[in-house]
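Presented below is the structure to which this report refers.
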Amino acid sequence: MADDTTIISTWKELEALIDSGDKAGAEAYLRDLPAGEVAHTISLLSDDLQTRLFEALPPDYAADVINHFADEQAADLIEDLPTKLAAAIVDALDSDEQADILGEVEDEEAEAILDEMRPEEAEDVRERLEYGSDTAGGLMITEYFSYSADTPANDVISELRTNQERYSKFMVQYVYVVGADDALQGVIRLHNVVLAPDDAPLSSIMRTDPVRVALDTKLADLEDLFDHHDLNAIPVVDENGALEGVIRRAHIEEAHAERSDRSLARLGGIIGGEELRTMPWYSRSARRLAFLVPNIFLMIASVSVIAMFEEIVLDRVIALAIFLPLVAGLSGCSGNQAVAVSIRELTLGVTKPTDVVRVLRKELLVGLVNGIVIAIIVFTIVAVWANVAGWTGGTYLALIVAGSIPMTIVFSVALGGTVPLILSRMNVDPAMASGPIITTLIDFFGFFSVLGIAWLAIDKLT
């Protein structure tokens, strides 16, 4: 990994080349960088220098560079460019990347770019933008090879050789056979075409009734399909059976990884599911505040329990206040563990939003066992602490704190395990909402348990 001195040297040299107007030098310098350093180096440049750099690069190579960036960051770069240049770069992108990036661009700007693109490319992108990014229509590519059933195998090979430069970026693994109105009739692995006799028509070597998916097929269903079929790509067809595109296994794996990244960001409280430090400060601030501000009111609701018991418990047994964060922390950690397992299982498809009762049953047993084990440990620690400190009713204090723990942990894991499923069933992102909802309810229940038991046993503590 390059050290800080090397990194600074790299982007400073690139900055100097851009400043001097040496377009060829900037392009050559960028081409010599390791692939993993390209996005990082460009990200260190100012917005103005980034724009000037992309203006200096040929559109085809600029498209290759754009591919090193996350979709949102690539969209920010595209938006800062003159519309004609942005359109030329988007034209050069793979079809799936075109839709992904323009989907992140402001609507007006995206429409302006589409207007400047080649008409057939623009029409293609507009169609794909109508589908969700987690559907076959949004994930497919439109670069594929299709021929009529009577085409000789040798004609296919000749056409590929003649257009080798144009097709160099195509991931050629299958040839598709189509009939009238592009209706999908069959599929052939490319090596079978190569090995077939020159004059053999494709109809004689194709596999009829191939696996196919509809444009609106969801990501989870696509994952299941690729898990059950040893295929590298699956054709996508419209409601009439016409071939519209191809979805590759690599696209599904990439979409799955992106969804996991977004879930992780939402669990961390980033609204929108993605934040990069190259984004404008006001955008990043707004994303975080959208999570933090509602949490003010949620946390006030949970600490109001402490205010309820201030005079009747805490004023008389101040030592209890020391252990409230302990109970809340242990319960919160237990709840978060259950949340993480539920979200993971939802992502993998091994748990469905309707499995609330099954999940609840599984979590209650684990929560009870863990609650008892932790209660024993906490009782020992609090009892020793209280007796060393000479607090009145130290043993009772330890019993109250430890006694509340099994209840709060069982409550926490039950809530943590089921809330993501319930939210998912309501079409609410479980990763985004589970954290604040569960934290508030767990704190509320934990504080109420400890202080409520203490209030019932107040004579033993004073």
(request) Grab the beta carbon distance between Ser283 and Glu159, set R0 = 45 Å, and tell me the FRET efficiency rounded to 0.05. (result) 0.45
(message) What FRET efficiency comes out for Val293 versus Asp429 if R0 is 25 angstrom and r is the Cβ-Cβ distance? Round to the nearest 0.05.
(response) 0.90
(request) Just subtract the alpha-carbon distance of Val194 and Ala214 from 0.36 nm times their residue separation and send over the number in nm, one decimal. (result) 4.3 nm
(message) Among (i) 23.5; (ii) 26.8; (iii) 22.7, only one was calculated for this model; which label is it, if the read-out is Kirkwood radius over Cα pairs in Å?
(response) (ii)
(request) Would you mind checking which residues have amide H under 5 Å from Gly245's amide H? H placed 1.01 Å from N; only 5 or more apart, or other chain. (result) Val236
(request) Would you mind working out the magnitude of the charge dipole of the range 1-109 relative to its Cα centre, with +1 at each Lys and Arg C-beta and -1 at each Asp and Glu C-beta, to the nearest 20 Debye? (result) 600 debye
(request) Before rounding to the nearest 500, sum -39500 (n - 2.57) across all DSSP H runs of length at least 4 in the chain and divide by the residue total; then give [θ] at 222 nm in deg cm²/dmol. (result) -21500 deg cm²/dmol
(request) Show me 363-371, 153-161 ranked by packing, highest mean number of other Cβ atoms within 10 Å first. (result) 363-371, 153-161
(message) Please compute the length gained on full extension between Ala180 and Glu123, using 0.36 nm multiplied by the number of residues separating them and subtracting their Cα-Cα distance.
(response) 18.4 nm
(request) For the chain, compute the number of Lys pairs whose alpha carbons are separated by less than 29 Å, excluding pairs fewer than 8 positions apart on the same chain. (result) 9
(message) Given Cβ point charges of +1 (Lys, Arg) and -1 (Asp, Glu) and nothing else, what value in debye, to the nearest 20, does the dipole of the range 281-461 about its Cα centre take?
(response) 600 debye
(request) Enumerate the calculated ³J(HN,Hα) couplings along the range 243-254 in order (Karplus 6.51 cos²θ - 1.76 cosθ + 1.60, θ = phi - 60°), each rounded to whole Hz, writing x wherever the residue is Gly or Pro. (result) 5, 10, x, 9, 10, 9, 4, 4, 5, 5, 5, 5
(request) Determine, for each peptide in 116-127, 59-70, 90-101, the mean count of other beta carbons within 10 angstrom over its residues, then list the peptides with the highest first. (result) 90-101, 59-70, 116-127
(message) Run the simple label-point estimate for Val303 and Thr354 please: 7 Å along Cα→C-beta, distance reported in nm.
(response) 4.4 nm
(message) Sorted from largest to smallest, which semi-axis lengths in Å does the alpha carbon gyration tensor of the range 281-461 give for its equivalent ellipsoid, taking the root of 5 times each eigenvalue?
(response) 33, 21, 12
(request) Assign unit charges at the C-beta atoms only (+1 for Lys and Arg, -1 for Asp and Glu), then state the dipole size of the chain relative to its Cα centre in Debye, rounded to the nearest 20. (result) 3400 debye
(message) Can I get the semi-axes of the range 76-220's equivalent ellipsoid? Compute them from the C-alpha gyration tensor as square roots of 5 times the eigenvalues, in angstrom, largest first.
(response) 34, 18, 11
(request) Please work out how much length the chain gains when fully extended from Asp32 to Glu130, using 0.36 nm per residue of separation minus the C-alpha to C-alpha distance, in nm with one decimal. (result) 31.4 nm
(request) Give the calculated FRET efficiency between Lys362 and Asp150 to the nearest 0.05, with a Förster radius of 41 Å applied to their Cβ-Cβ distance. (result) 0.10
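Every read-out reported here was derived from the displayed coordinates using simple, explicitly stated rules and does not represent laboratory data. What you are looking at is a predicted structure, and each value in this text was computed from that prediction instead of being measured. Virtual Cβ from ideal backbone geometry, glycine too; neighbours counted across all protein chains shown.
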